[in-house]
Structures are given as structure tokens and as C-alpha cells.
1. Within the stretch 61-80, can you find the residues that are farther than 18 Å from residue 95 by Cβ and either touching a Lys or Arg at 6+ places or on another chain (Cβ under 7 Å) or not polar (S, T, N, Q) (or both)?
2. Would you check if there is a residue in the stretch 13-21 being loosely packed, with under 10 Cβ neighbours inside 10 Å, at negative phi and of a type outside the set (Gly, Ala, Ser)?
3. Within the stretch 38-57, track down each residue that is open to solvent by 70 Å² or more (accessible area, probe 1.4 Å) and either modelled with pLDDT of 95 or more or within 11 Å of residue 28 (Cβ to Cβ) (or both).
Amino acid sequence: MAAIGYVTRTNTGSFKGQLNTLTIKADIEIVPNTKKANDTQPDYRVLAGSVEIGAAWNRRSETTGRDYVSLSLAAPEFGPRRLYANLGRTPGKDDNRFAIIWNAAD
């Protein structure tokens, strides 16, 4: 499991933090999708500044029953493939701090 960034949940239900890979360092915000009209649309939009770079969905683990957020990111800097990740709680006392855990496609 490789953490490629960290975010903190805000009082408004969004997440703010930074995406940080070998070549990318960007402030991001994961904001609730206030225009969600059905279950196939994402629960969140992922923004880097004013640019939308992805979407995220609330999910529940089949093995543990715990809720988590699943991200799908796409930008020219990532190359031709999408980058998939999950938000996972970081160790410690802050329940609002999450690591962006990269899911390798292969």
C-alpha cells in the first residue's frame, strides 16, 4: 500500500490536502457532489485548484463492513491510464486524517 498523499476531512464534509507522487505535488480538494441525481453519479468531485481531476464514491467493504471513499483520478500528468485510490484512516488520534492509498492496476 503506497500513500500518495494525505487529506483532512473538513466540517463541511469535504476533504482537503495534497496529492504527492514522484512527479506531481498538487493541493487537492474532494468536495461533495451537490448535483448528484442518481446512484451511478459520484458522491464527490476531486479538484486540483479549479481543474476537476477525478471523482469519488462512498463504498462499504465486503470483508470488514467499514465505509470508505474510492477515488478515480485522471489527468495528462498521470499518462493514458486512470489512477485508482482509496482514502484510509491514518494511525493516531485524528479521525479526520486520511491517507490516499494508491491501488496498482496490475
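1. 62, 70, 71, 72, 73, 74, 75, 76, 77, 78, 79, 80
2. So in the stretch 13-21, the residues loosely packed, with under 10 Cβ neighbours inside 10 Å come out as none.
No, the stretch 13-21 has no match at all.
3. 45, 51, 52
The values are calculated or read from the model by the stated rules, or taken from the named source; none is laboratory data. What you are looking at is a predicted structure, and each value in this text was computed from that prediction instead of being measured. Note: ideal-geometry Cβ built from the backbone for every residue, glycine included; neighbour counts use all protein chains shown. Protein only, heavy atoms only, side chains kept; ligands, DNA and RNA dropped before computing areas. Shrake-Rupley method; radii C 1.70, N 1.55, O 1.52, S 1.80 Å.
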